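The values are calculated or read from the model by the stated rules, or taken from the named source; none is laboratory data. Values in this document were obtained by computation on a predicted structure and should not be read as measured data. Neighbour counts run over all protein chains shown; Cβ positions are idealised from the backbone, glycine included. When the accessible area is computed, the model is the full protein with side chains, heavy atoms only, and any ligands, DNA or RNA have been set aside. Shrake-Rupley method; radii C 1.70, N 1.55, O 1.52, S 1.80 Å.
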Number of protein chains: 2
Amino acid sequence: MAIEQSRREVEQWAQFELTLKGPIEGNPYLDVTLSARFQYKNYTCEPEGFYDGDGTYRVRFMPDRPGIWRYVTLSSHEVLDGLSGEFLCTPPSAGNHGTVRVKDEYLFAYEDGTPYMPFGTTCYHWTHHGSKELEELTLQTLKNSPFNKVRMCLLPTRDMQPPLQVAFAGTCPEDLDKQQFNPAFFAHLEQRIHDLMQLGIEADLVLFHPYDKGYWGVDNMDADTDAFYLRYVIARLASFRNVWWSLCNEYDFNKYKSIPDWDRLLQLTQRYDPYQHLRSIHNGTKMYKSSSLYDFSKPWITHQSIQHWEAELTTSWREAVAKPIVIDEISYEGNSSRRWGNISGEELTHRFWEGLSRGGFVGHGESFINRETRAWISSGGKLYGESTERIAFLRKVMEEGPADWMKTAEEGTYKLLYFGRHQHAFLNLELRQDSSYRIELIDTWQMTITPLPGTFSGSCRVDLPGKPFMALRIQKIG
Amino acid sequence: MAIEQSRREVEQWAQFELTLKGPIEGNPYLDVTLSARFQYKNYTCEPEGFYDGDGTYRVRFMPDRPGIWRYVTLSSHEVLDGLSGEFLCTPPSAGNHGTVRVKDEYLFAYEDGTPYMPFGTTCYHWTHHGSKELEELTLQTLKNSPFNKVRMCLLPTRDMQPPLQVAFAGTCPEDLDKQQFNPAFFAHLEQRIHDLMQLGIEADLVLFHPYDKGYWGVDNMDADTDAFYLRYVIARLASFRNVWWSLCNEYDFNKYKSIPDWDRLLQLTQRYDPYQHLRSIHNGTKMYKSSSLYDFSKPWITHQSIQHWEAELTTSWREAVAKPIVIDEISYEGNSSRRWGNISGEELTHRFWEGLSRGGFVGHGESFINRETRAWISSGGKLYGESTERIAFLRKVMEEGPADWMKTAEEGTYKLLYFGRHQHAFLNLELRQDSSYRIELIDTWQMTITPLPGTFSGSCRVDLPGKPFMALRIQKIG
C-alpha cells in the first residue's frame, strides 16, 4: 500500500522520518518488529524502526546521495508491513558535510571530504537535569567555544535523584520498566542532538557507564536487556549525522561486565547501525598500565578513545594501532577535590599542544566548584577556565595548517614543533638544503604568532625567547 | 723500622697521611706496590698507598674511632716495607659527622647517626678549567646554596682542549701516558674535595663517562688500565670522608663497555675501598625504558642513582629495590638548546617536591647559556635560576620534619602531601579518629607556610586555594 508523508523532500545526510500508526496493545517495544528497506537505484539500506508510544511507530533514515529514494516497510504486524512510498533527497545545504569518518588512518573527515579535527569537550549529563534554561546556556556556551564534539551520557547515575525522565519507562528506580522506553526522554535528547548539529558539533554518545552502582539498575542489566536498549537507541538516533557511539565510559570500572561483553555490544552496534558511525569505548584505567587498555586494533573499533594523563604517549599509541587517537580525558581544568578534575588551564593547554603536535587529538573538560554554575563536565552551563580560549587558538593554528600535519612534517613541507616546558634560548634545526622556509614563533599561552626575520634553509640556528610553552611553525615557501 | 711523622694527631674521620721517600727509577706507579696495615686494638684496616711523583710515596688513612692507631707498611720495595709508627686519633670536631651511609633502606645518615638528606647539584668539570677565580666563585656559590652534594667528573671530555692537566701523565691526547698519573692534577682535585668537605658538601665523584668519544682515549681503555686507574683513585681519595663513587655517568652511552664491565669495576671499587663509601652508577637511558636501567639490586650498589624525568616513578623504584632513590638528573633548569637542559625553575621545583614527597631524593642542575658564567652543570660559576631558593625552602621543610617521613606518614604522625599541578578548592582527608592534628598549607613556589585555623581529626575537609604547587604538612599534636 502506497502511503503519503507530509515531508517529501529531505536533504542529503538529513533525516527522513516515516510516521505510522499501529497496534497499542501489549508491549509494542517488545512485540512488534519494524524496519524499512530504502532504495536508490541498486543501493539499498534497511534501518530498524521503533515504537514511539501512543500507537505511533517511526522509521528514520539518513540518505547519503541525492535523488528519488523508494521504500517499503517490513513488520511483524500486518498494519505496519508492506507500506511503500518515496521521497526526494536534495543536495546538502551549506554547513552540512555529512557524517564524520576516519581518513588516512589517523585523521577524520566529513563524508564530503571536508577535514574534521575533533576539539571535544565533555558535559556528561547536560541534558538530564530538566532545566531548559541551563541547557540553553550550555548551547550558548558551546556556540562561543572552540568545541566541535561533546561527550554526553544517555543513562542516569546514582547521584541523579528521582523523579527523573530516563531512557526507560518510569521515573524512579522502584518503578523502572526496562522492557519499555520513555519516548519523552528520547524526544528531548533528540532535540538537543539536533541543536548540536545546528552548531556543527558532534554528539559523542556514551551508551553505558559505571556510575550507577546498581541504583537505577542500568549498569548491571542482562545481555538481552543491553541489546534491547542498544537496538532502540540505534533505531532512534543513528539517523542523526552528528552521532558517535562511545559504548562505555570507564568500562573497566564496571564490575558487572567483562571485555567479551563489550566486544559483543560493540559488534551489535556495528551490525545494527546502517551508517557505521564512529565507534569506540573509553577506559578508566589507572595510569601507566597501557596493557589494560581496550585493544583498539579490534575491527569494530574505529578510533582510540583514551583516558590517560600523559599526552607524550600519543606517539606510542600511534605506533601500536593505526587508528585516530582521541584522548577524551586527560584531566580537567578546575579546582575539584578529585585528582582528575583540578589541573590548571596552563597544564591542560600544554597537554593539548603535546597531544596535537604528536599527531593525536585531545579532549577538554572543566570542573570548577563553588562557581555560578556547577561543574561543566557533568552539567554544562558556563566555562570559567583559562584553557578554552587557548584551545580556540590552537584549533585555529591547526586548521590553518595541512590536514595531515604529521605527513607534511615527514615530507619537510610543514612542521609544528612544540617545546612544552622546555625553554630554549636557541635551537639548531636541520631543514632541507634545497628548500627555503618561513618560521613563526608561537607563544601558546599568550596566543601570539611572530614571524622570525628572514627565511631559513639547511642547517640553521633559531633564537628562542627562553620561555616555556613555545612552538615553531615551519612552512616551506620555495 | 719505626718512623716519625710530623703530624701525630688526626681527628676521627679526618685523614692521616704517611709520607715516604722511595725509588724513582722505572715506572713506580706500576712497579712498586705499597700499603699499610693500621691497627686499633683488634681492628685492622689496610689501605693501599700510591706514588706521588718525585720519589714520594704516600699512604692515606681515615680512622673511624679515637685512640692510638699503630701501623706498619707493606711494599714490594725494601725501603718502603716494614716501616711502623703510630698516631693519636682524637674525637671529631664540630661539623665532622663522618662518612655518609645508607640507613633504614631508603635513607642516608652520617656515620655518627646525624640524618643526611642529599640535595645535590651537578658541576661536572668545575675543577678542570684551570681558573682559580672560577673555582672560588663556584665554592662561594655552593656555600650560599642549599646543595650538600656535587656530582663532578675526574676524566676530561672531547670538548676540553689541550694542553690540559688531566689524571694521567701528559697534557695532550698525543702524549698521554696511561701507565703514569699526574700528581699535580690530583693534588688540585684533592684541595677542591677538601674545600667541599669544609662546606659540608659531599663529592659525588664520577669516575668514568662517555663524553670523550675516543679523543683523549679515556673512555675506551682496556680492563687493566681501568683497574690501574681505579685503584690509584681509591688509594688517593678514599680517605676523604665526603667522597661518593659514581662509577660512570650515562654508562649506557659508552659503547666500549657492557654491563659485565661495570659490574667488574664496581666490584673492584668495593674490594679496594677500605671505607665502603657509597657506590652507584648513573644511567643515560631514554625515557620510559626502565628495563634498561642498571639493576640496582646488585649487592655492590648502595643506592639508586637515576636519570629520569618523571619523579612520579619514585614510588615504583622504591617498590623495585629497597635502596635509597637519588634522581641525580631530572632535567636541568635553563635555556639550553638541548632537551635535558631547558626546563623552567617552576618545573624543576615541582619535580623536587614530587620526588621528595614520594620518598626519593632529587638532584639539581642549571644550564643557562648567554649569561655571565657558562652553564653551571659543566663549569660551575654562578646560579641564575629560580629553583635554587625553592630547593633551599624545601630542604628546610624536610629537615624540620622527621628523618623518615614515609614511615611517619604510614604511622599517621607526620605527613607531607604534595599536589603538584592539581589545584584543589578543597580536599577530604581521613585522619586518625583518636588523634588531633595541626595542618599547614605550604605554597612551594611562594615559599610560604600558613597554619590552617583549628585542629583536625578523623574525616575532615580542608579548604585549599585552588592554585597549583601547594602542599600540606600534617602533624599529630595529640
Qualifying residue in segment B:388-398 (condition: touching a residue at least 12 places away in the same chain (Cβ under 8 Å) and within 14 Å of chain A (Cβ to nearest Cβ)) = no
Can you find a residue in segment A:59-72 that is over 22 Å from A:Glu399 (Cβ atoms), surrounded by 19 or more Cβ atoms within 10 Å (Cβ to Cβ) and of a type in the set (Lys, Arg)?
-> yes
Go through segment A:352-367 and count every residue that is under 22 Å from B:Leu464 (Cβ atoms) and open to solvent by 20 Å² or more (accessible area, probe 1.4 Å).
-> 0
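If you go through segment B:293-308 one residue at a time, do you hit one that is within 12 Å of chain A (Cβ to nearest Cβ) and either in contact with a Ser or Thr (Cβ under 9 Å, 6 or more places away or on another chain) or within 20 Å of B:Trp262 (Cβ to Cβ) (or both)? It would help to see each step written out before you state the result.
So the first thing to find is which residues in segment B:293-308 are within 12 Å of chain A (Cβ to nearest Cβ), and the list is none.
The answer is no, given that none of the residues of segment B:293-308 is within 12 Å of chain A (Cβ to nearest Cβ) and either in contact with a Ser or Thr (Cβ under 9 Å, 6 or more places away or on another chain) or within 20 Å of B:Trp262 (Cβ to Cβ) (or both).
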So is A:Ser336 among the small types (Gly, Ala, Ser) and within 10 Å of chain B (Cβ to nearest Cβ) or not?
-> yes
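Return the only residue of A:Ile301, A:Ile369 being within 22 Å of A:Thr285 (Cα to Cα) and either touching a strand residue (DSSP E or B) at 6+ places or on another chain (Cβ under 9 Å) or in a strand (DSSP E or B) (or both). So that I can check it myself, show each step before the final result.
Values: A:Ile369 fails: within 22 Å of A:Thr285 (Cα to Cα).
Result: A:Ile301 is the single residue among A:Ile301, A:Ile369 that is within 22 Å of A:Thr285 (Cα to Cα) and either touching a strand residue (DSSP E or B) at 6+ places or on another chain (Cβ under 9 Å) or in a strand (DSSP E or B) (or both).
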Does A:Leu348 satisfy the criteria of being in the same structural domain as A:Trp244 (by TED's automatic domain parsing), closer than 27 Å to A:Val102 by Cβ, crowded, with 24+ Cβ neighbours inside 10 Å and not acidic (Asp, Glu)?
-> yes
Which of the residues that make up segment A:417-462 are touching a residue at least 40 places away in the same chain (Cβ under 8 Å), outside any strand (DSSP E or B) and under 30 Å from A:Glu386 (Cβ atoms)?
-> A:Phe419, A:Gly420, A:Arg421, A:Gln423, A:His424, A:Ala425, A:Thr444, A:Trp445, A:Met447
Assess whether B:Lys407 counts as being in a loop (DSSP other than H, G, I, E, B) and more than 14 Å from chain A (Cβ to nearest Cβ).
-> no
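Listed residues B:Asp159, B:Asp204, B:Asp212; which is at pLDDT below 95 and open to solvent by less than 10 Å² (accessible area, probe 1.4 Å)? Break it down into steps so the answer makes sense when it comes.
Working: B:Asp159 fails: open to solvent by less than 10 Å² (accessible area, probe 1.4 Å); B:Asp204 fails: at pLDDT below 95.
None of the other options fit; the residue is B:Asp212.
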A:Glu410 without any contact (Cβ under 8 Å) to a residue 24 or more places away in the chain and either in the same structural domain as A:Thr127 (by TED's automatic domain parsing) or of a type outside the set (Gly, Ala, Ser) (or both) | yes
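Does A:Leu383 satisfy the condition of being in a loop (DSSP other than H, G, I, E, B) and among the aliphatic types (A, V, I, L, M)? Show your work before the answer.
Working: in a loop (DSSP other than H, G, I, E, B): yes; among the aliphatic types (A, V, I, L, M): yes.
Yes; evaluated as a whole, the condition is true for this residue.
Can you tell me which residue is farthest from the other protein chains (Cβ to nearest Cβ) among those in segment B:339-350 that are part of a helix (DSSP H, G or I) and in contact with a Phe, Trp or Tyr (Cβ under 8 Å, 6 or more places away or on another chain)? Reasoning before the result, please.
Pass one, segment B:339-350, residues part of a helix (DSSP H, G or I): B:339-341, B:345-350.
The next check asks that each one be in contact with a Phe, Trp or Tyr (Cβ under 8 Å, 6 or more places away or on another chain); those that pass are B:340-341, B:346, B:348-350.
Values: B:Trp340: 9, B:Gly341: 9, B:Glu346: 8, B:Leu348: 9, B:Thr349: 12, B:His350: 9 Å.
The qualifying residue farthest from the other protein chains (Cβ to nearest Cβ) is B:Thr349.
So that you can scan it fast, the table gives a plain yes or no per residue for (1) small (Gly, Ala, Ser); (2) within 16 Å of the chain's Cα centre (by Cα); (3) part of a strand (DSSP E or B):
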| site | (1), (2), (3) |
| --- | --- |
| A:Gln161 | no, no, no |
| A:Ala184 | yes, no, no |
| A:Met197 | no, yes, no |
| A:Ala203 | yes, yes, yes |
| A:Val218 | no, no, no |
| A:Asp224 | no, no, no |
Across segment B:430-478, what is the number of residues that are within 14 Å of another protein chain (Cβ to nearest Cβ) and among the small types (Gly, Ala, Ser)?
-> 2
A:Leu383: in contact with a strand residue (DSSP E or B) (Cβ under 9 Å, 6 or more places away or on another chain), open to solvent by 30 Å² or more (accessible area, probe 1.4 Å) and at pLDDT 95 or above, yes or no?
-> yes
Inspect segment A:53-63 for any residue being within 29 Å of the chain's Cα centre (by Cα) and among the polar types (S, T, N, Q) and give the result as yes or no.
-> no
For segment B:309-328, how many residues are open to solvent by 10 Å² or more (accessible area, probe 1.4 Å) and outside any helix (DSSP H, G or I)?
-> 5
Filtering strands (runs of 3 or more DSSP E) wholly in segment B:31-111 for at least 1 residues that are among the acidic types (Asp, Glu) gives B:84-90
Can you find a residue in segment B:263-279 that is among the basic types (Lys, Arg), surrounded by 16 or more Cβ atoms within 10 Å (Cβ to Cβ) and assigned to a loop (DSSP other than H, G, I, E, B)?
-> no
Output the number of the condition that A:Asp104 fails; it satisfies all remaining conditions of (1) of a type outside the set (Gly, Ala, Ser); (2) in contact (Cβ under 8 Å) with a residue 40 or more places away in the chain; (3) more than 20 Å from A:Phe61 (Cβ to Cβ); (4) open to solvent by less than 60 Å² (accessible area, probe 1.4 Å).
-> (4)
